[in-house]
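Participant: The structure under discussion is supplied below as structure tokens; questions concerning it will follow.
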Amino acid sequence: MTRYSIKKPEKKVLLFLILLCVGLFLLILYVQGEMSGLQKLLMKNTQSKNTEVKEDNVVEEMPYTLDLRIVITRGDGSAYWDEVKVVSEEGLQTESGGQKTMIGPSETYTYGGETTVCLSALGQGQLHIQGREQGYEGTLQICRTEQGIMVVNEIQMEAYLKRVVPSEMPRTYGSEALKAQAICARTYAYAHSNAYAYPDVQAHMDDTVSFQVYNNCSESSETNQAIAETAGEVLTKGGEVVPTMYYSTSCGYMQDGTLFGTSADCEVYTTGYCGMETPQDAFESYIRKSDPGAYESQERYFRWQATASGENLDELRNALCGLLKEDGAISCYKKMQRRLSNTKKSAQKELGDLEGIKITQRNPGGAAMAMELSFASGKVTVNGELHIRQVLGSIVSGLTLQNGEIISQMSTLPSAAISVDQQSNGTYLIYGGGFGHGVGMSQNGAKALCAMGYTYKDILQYYYKNTTLSRIQ
């Protein structure tokens, strides 16, 4: 009978078995979430390996600020200067690389272009840039970029508004309209203060109509009072600042937020008639005639007419070709795209005669959102109210306002609230109304409401629905 004896395991094997059991036990605890310390340690090791990759993809959210940085453009609207000269009544100080230099009263400082320079006025003086009529408070930072010299005005919010409100609204429009404008301008600036429109120089906005017109007019006692009496007030919705849009003159109707696709809040920006009693006419008929019941019916841009000619085919082709670079601005077949892009041949040879202009889509407030151009060689659809205004502006020779005034120089139609008729001689008569995109507050509408006894709070609620008047802390 053979006997079997159990042989004791060697110490190495025993140690291995013990470690294996401990490892399995720890793994079970880890999975069950009981060993948070171990989990954190493992996660820390993993994160340290991935940190460099993540940082490349993370964009830090900037806080809102009351210290604004505004790009100062040249007279032609360009942000890039060839030369910058600055003078101040009481002298100025330049600072670059920690070195400070004093420039005497009325002595001209010329930027050399080697390094970034910060200028500040001495005493109660202002900084005056050669070529610009108005002086600047705050500081001017001048630097050279690949495209040219850039000038950035760093200024506090309330001082900024003193040069925006009179540039955007005449001081004669009434105190309540001016207060409404001050709050719109402050809210707009504050809403844009947490992002850089010009990242290279860390500037929030520029001084043109692309944002808000800044420092085209001197401050006035009326506008300064409106700013002071509404100090810190902004429009909000749900605790968030509303990026308040506004414009010059309505056509009798407000446009809702769909004019800008999905970028505007349609609970804030709604369509509606701006007058005493809503007309019953379809928009095509409404825009072709006057409307005494509209609040802005006496404004010169309330109604206007323009004549477009198919003879300016090269200008038209250039305008369309420029829009090919923007996604969704132009819709047409590939063959037509090639014809638009082929500038080696005349537009007449590539496109043929302009045979028709048709508005194919409108916003609820009547603004043209899509327009079909028919050429002998094919059709092109232009999408978006601003693109339509730019394309038609390229073939319009002038504009006649309802008061008989003629505007001869223009590149963009005043608004997209239009209707187009083809004439027997091949030209196109454009009936139009209003000035601007039509979303938010009409400045001339605010003037009219002010004259009717509306307070600034009433005016703001009229144009910005579901909003709250709040104060910046």
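Residue-wise test of (1) open to solvent by 20 Å² or more (accessible area, probe 1.4 Å); (2) under 24 Å from residue 212 (Cα atoms); (3) not in a strand (DSSP E or B).
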residue	(1), (2), (3)
409	yes, yes, yes
421	yes, no, no
425	yes, no, yes
430	no, no, no
444	no, yes, yes
454	yes, no, yes
457	yes, yes, yes
461	yes, yes, yes
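Participant: I'd like to know if the range 341-349 contains one or more residues that are closer than 23 Å to residue 420 by Cα, outside any strand (DSSP E or B) and either free of Cβ contacts under 8 Å to residues at least 24 places away in the same chain or of a type in the set (Val, Ile, Thr) (or both).
Facilitator: Filtering the range 341-349 for residues closer than 23 Å to residue 420 by Cα gives 347-348.
Subsequent filtering for residues that are outside any strand (DSSP E or B) retains 347-348.
Narrowing further to those that are either free of Cβ contacts under 8 Å to residues at least 24 places away in the same chain or of a type in the set (Val, Ile, Thr) (or both): none.
Taking every residue of the range 341-349 in turn, none turns out to be closer than 23 Å to residue 420 by Cα, outside any strand (DSSP E or B) and either free of Cβ contacts under 8 Å to residues at least 24 places away in the same chain or of a type in the set (Val, Ile, Thr) (or both).
Participant: What about residue 101, is it over 24 Å from residue 444 (Cβ atoms), touching a strand residue (DSSP E or B) at 6+ places or on another chain (Cβ under 9 Å), touching a residue at least 12 places away in the same chain (Cβ under 8 Å) and of a type outside the set (A, V, I, L, M)?
Facilitator: Details: over 24 Å from residue 444 (Cβ atoms): yes; touching a strand residue (DSSP E or B) at 6+ places or on another chain (Cβ under 9 Å): yes; touching a residue at least 12 places away in the same chain (Cβ under 8 Å): no; of a type outside the set (A, V, I, L, M): yes.
So residue 101 fails the test.
Participant: Just give me the residues in the range 210-242 being among the acidic types (Asp, Glu) and touching a residue at least 40 places away in the same chain (Cβ under 8 Å), in sequence order. First the steps, then the outcome.
Facilitator: Our first condition is that a residue be among the acidic types (Asp, Glu); within the range 210-242, this holds for 219, 222, 229, 233, 240.
Residues satisfying the conditions are 219, 222, 229, 233.
Participant: Here is a check on your reading of the model: is residue 292 without any contact (Cβ under 8 Å) to a residue 60 or more places away in the chain and under 27 Å from the mean Cα position of the chain (by Cα)?
Facilitator: Working: without any contact (Cβ under 8 Å) to a residue 60 or more places away in the chain: yes; under 27 Å from the mean Cα position of the chain (by Cα): no.
Taking the combined requirement at face value, the residue does not satisfy it.
Participant: May I ask you to verify whether residue 468 is touching a strand residue (DSSP E or B) at 6+ places or on another chain (Cβ under 8 Å), in contact (Cβ under 8 Å) with a residue 40 or more places away in the chain, open to solvent by 60 Å² or more (accessible area, probe 1.4 Å) and of a type in the set (Val, Ile, Thr)? Show your work before the answer.
Facilitator: On the way: touching a strand residue (DSSP E or B) at 6+ places or on another chain (Cβ under 8 Å): yes; in contact (Cβ under 8 Å) with a residue 40 or more places away in the chain: yes; open to solvent by 60 Å² or more (accessible area, probe 1.4 Å): yes; of a type in the set (Val, Ile, Thr): yes.
The answer is yes for residue 468.
Participant: Further, regarding this structure: Among the strands (runs of 3 or more DSSP E) lying completely within the range 64-142, list those that include at least 1 residues that are loosely packed, with under 15 Cβ neighbours inside 10 Å and not aliphatic (A, V, I, L, M). Steps first, please.
Facilitator: Details: elements: 67-72, 85-88, 92-96, 99-103, 117-121, 127-129.
Hits in the range 64-142: 67-72, 85-88, 99-103.
Participant: Now for a different question. Can you find a residue in the range 257-276 that is in a strand (DSSP E or B) and touching a Pro at 6+ places or on another chain (Cβ under 8 Å)?
Facilitator: Taking the range 257-276 as the starting set, the residues that turn out to be in a strand (DSSP E or B) are 272-273, 275.
Narrowing the set further to residues that are touching a Pro at 6+ places or on another chain (Cβ under 8 Å) leaves 273.
Taking every residue of the range 257-276 in turn, at least one turns out to be in a strand (DSSP E or B) and touching a Pro at 6+ places or on another chain (Cβ under 8 Å).
Participant: The conditions are (1) in contact with a helix residue (DSSP H, G or I) (Cβ under 6 Å, 6 or more places away or on another chain); (2) of a type outside the set (Gly, Ala, Ser); (3) buried (at least 21 other Cβ atoms within 10 Å of the Cβ), and residue 171 fails exactly one of them. Which is it?
Facilitator: Every condition holds for residue 171 apart from (3).
Participant: Just need a number here: residues in the range 143-161 that are part of a loop (DSSP other than H, G, I, E, B) and open to solvent by 20 Å² or more (accessible area, probe 1.4 Å). Break it down into steps so the answer makes sense when it comes.
Facilitator: Of all residues in the range 143-161, those part of a loop (DSSP other than H, G, I, E, B) come to 145-148.
Now restrict to residues that are open to solvent by 20 Å² or more (accessible area, probe 1.4 Å): 145-147.
Within the range 143-161, residues that are part of a loop (DSSP other than H, G, I, E, B) and open to solvent by 20 Å² or more (accessible area, probe 1.4 Å) number 3.
Participant: Also, quick follow-up: Can you confirm whether the range 377-388 contains a residue that is among the basic types (Lys, Arg), more than 30 Å from residue 185 (Cβ to Cβ) and modelled with pLDDT of 95 or more?
Facilitator: Residues of the range 377-388 among the basic types (Lys, Arg): 379.
After this cut, where a residue has to be more than 30 Å from residue 185 (Cβ to Cβ) as well, the list is 379.
From what is left, the residues that are modelled with pLDDT of 95 or more are 379.
Yes: the range 377-388 contains one or more residues that are among the basic types (Lys, Arg), more than 30 Å from residue 185 (Cβ to Cβ) and modelled with pLDDT of 95 or more.
Participant: Which ones in the range 391-407 are open to solvent by less than 20 Å² (accessible area, probe 1.4 Å) and closer than 19 Å to residue 326 by Cα?
Facilitator: From the range 391-407, those open to solvent by less than 20 Å² (accessible area, probe 1.4 Å) are 391-393, 395-396, 398-399, 401; that's our starting set.
Result: 391, 392, 393.
Participant: Same structure, new question: Of the conditions (1) of a type in the set (Gly, Ala, Ser); (2) within 17 Å of residue 207 (Cα to Cα); (3) in contact with a Leu (Cβ under 6 Å, 6 or more places away or on another chain), residue 159 fails just one. Which one is it?
Facilitator: Condition not satisfied by residue 159: (3).
Participant: Name the single residue that is nearest to residue 322 (Cα to Cα) among those in the range 342-390 being loosely packed, with under 15 Cβ neighbours inside 10 Å and among the β-branched types (Val, Ile, Thr).
Facilitator: Among those residues, the one meeting the criterion is 343.
The values are calculated or read from the model by the stated rules, or taken from the named source; none is laboratory data. The structure displayed is predicted, hence computed values, not measured ones. Neighbour counts run over all protein chains shown; Cβ positions are idealised from the backbone, glycine included. Just so you know, the surface numbers come from the protein's heavy atoms only, side chains and all, with ligands and any DNA or RNA stripped out. Shrake-Rupley method; radii C 1.70, N 1.55, O 1.52, S 1.80 Å.
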